[in-house]
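A.B. asks: Below is a structure I'd like to ask you about.
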Amino acid sequence: MKKNLEKYKVNFVSVVVPVFNEEGCLQELIDRSLKALETTGKRYELILVDDGSEDATASIMHEASEKNEDKVISCFLNRNFGQHNAILAGFSIVRGDLVLTIDADLQNPPEEIPSLVKKAEEGYDVIGTVRQNRQDSFLRKLPSKIVNKMTQLATGVNMTDYGCMLRAYRRHIVEAMLQCNERSTFIPVLGNSFARYTCEIPVGHNERSIGDSKYSLWKLINLQFNLLTCMTTFPLRLLSFIGGSLSLLGILLGIVIIILRICMGDQWAAEGVFTLFAILFIISGFQLVGMGLLGEYIGRIYYDVRARPRFFIEEILGRKEEKTEK
């Protein structure tokens, strides 16, 4: 199907950057991002969302907004809400018809921004990126690969690198995401669920030179649980499949035990005690796993029913006409 590329022409680019304790590299990020945005020839705004930083990040943002009025917009949340909620807060105040997200740690070069803008004008709703020659440790890359593979299997959305936040979304995709009221969400998957045309492009990747990653192994595991339970019912289906398989295995094992007992007597396996314990442990473990997964879903229902705000914007600086939309 041919696309009407004229309607995909980009006029205004908004770049949303979640920031948390990034005083060491924030000024460089701002300078390089502004330079990259200038090369696009489009109107633009760089929206920095302070997610409750405790270092000098806020001061750097204040100064940048004063020097670059209506180009660098500083949005301050009243506490730490997490990366994805900080991005949603930035989404709520964007003005552009194309919205980009990028991390503040400079591992994804801001110089890649023009490439995403150019690709969007080819008629895509969502543009993902794949990090080339990734400059992370093995202990960081392995969990990321596992998360990517599980995400593909669970959601059915076949994208290669969900962990890279350097992505672009059309304005109508952003507005659709803002209408979703769930408390826990995973923006790359959520955005893809509303998109008709998606693609991925290769981008560079740099080693983190300042500070530490905000995602530890435990946080990556927690992110995966959030993803699986807030975006899909795949774990429940898997649980049903495992339960059915165990039941069938139990029946077959019972038949084998009866046959062996008839043929070999009751002395062959301590009168069946060991076998009984083995079966008991399998069933008990399965029940505990099932209760844990059900608990995760019930917890999501609990948080969604409370319907508390996902973020609270305390202040917005740098915009000639301040406007907050939720």
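A.B. asks: Evaluate segment 144-167: report whether one residue or more is at pLDDT 85 or above, in the same structural domain as residue 28 (by TED's automatic domain parsing) and not aliphatic (A, V, I, L, M). Let's see the steps before the verdict.
C.D. replies: Taking segment 144-167 as the starting set, the residues that turn out to be at pLDDT 85 or above are 165-167.
Those still in the list that are in the same structural domain as residue 28 (by TED's automatic domain parsing) too: 165-167.
With the extra rule that they be not aliphatic (A, V, I, L, M), the set shrinks to 167.
Taking every residue of segment 144-167 in turn, at least one turns out to be at pLDDT 85 or above, in the same structural domain as residue 28 (by TED's automatic domain parsing) and not aliphatic (A, V, I, L, M).
A.B. asks: Here is a follow-up. Could you run through segment 66-88 and say how many residues are in contact with a helix residue (DSSP H, G or I) (Cβ under 8 Å, 6 or more places away or on another chain), assigned to a helix (DSSP H, G or I) and not β-branched (Val, Ile, Thr)? Steps first, answer last, please.
C.D. replies: So the first thing to find is which residues in segment 66-88 are in contact with a helix residue (DSSP H, G or I) (Cβ under 8 Å, 6 or more places away or on another chain), and the list is 68, 71-77, 81, 84, 87-88.
Cutting the leftovers down to assigned to a helix (DSSP H, G or I) gives us 84, 87-88.
Within this subset, residues satisfying the condition of being not β-branched (Val, Ile, Thr) are 84, 88.
Selection size over segment 66-88: 2.
A.B. asks: Can you spot a residue in segment 27-46 that is among the β-branched types (Val, Ile, Thr), in the same structural domain as residue 125 (by TED's automatic domain parsing), surrounded by 23 or more Cβ atoms within 10 Å (Cβ to Cβ) and assigned to a helix (DSSP H, G or I)?
C.D. replies: To start, the set of residues in segment 27-46 that are among the β-branched types (Val, Ile, Thr) comprises 30, 39-40.
After this cut, where a residue has to be in the same structural domain as residue 125 (by TED's automatic domain parsing) as well, the list is 30, 39-40.
Filter once more, keeping what is surrounded by 23 or more Cβ atoms within 10 Å (Cβ to Cβ): 30.
Restricting the remaining residues to those that are assigned to a helix (DSSP H, G or I) gives 30.
Yes, some residue in segment 27-46 is among the β-branched types (Val, Ile, Thr), in the same structural domain as residue 125 (by TED's automatic domain parsing), surrounded by 23 or more Cβ atoms within 10 Å (Cβ to Cβ) and assigned to a helix (DSSP H, G or I).
A.B. asks: May I ask you to verify whether residue 63 is assigned to a helix (DSSP H, G or I), more than 28 Å from residue 195 (Cβ to Cβ) and without any contact (Cβ under 8 Å) to a residue 40 or more places away in the chain?
C.D. replies: Working: assigned to a helix (DSSP H, G or I): yes; more than 28 Å from residue 195 (Cβ to Cβ): yes; without any contact (Cβ under 8 Å) to a residue 40 or more places away in the chain: yes.
So residue 63 passes the test.
A.B. asks: I've got another one for you. Return yes or no: is residue 52 under 19 Å from residue 312 (Cβ atoms) and modelled with pLDDT under 95? Before the answer, list the steps.
C.D. replies: Details: under 19 Å from residue 312 (Cβ atoms): yes; modelled with pLDDT under 95: yes.
The answer is yes for residue 52.
The values are calculated or read from the model by the stated rules, or taken from the named source; none is laboratory data. No experiment lies behind these values; they were computed from the predicted model shown. Counting neighbours? That spans all protein chains shown, and the Cβs are built from the backbone with ideal geometry, glycine included.
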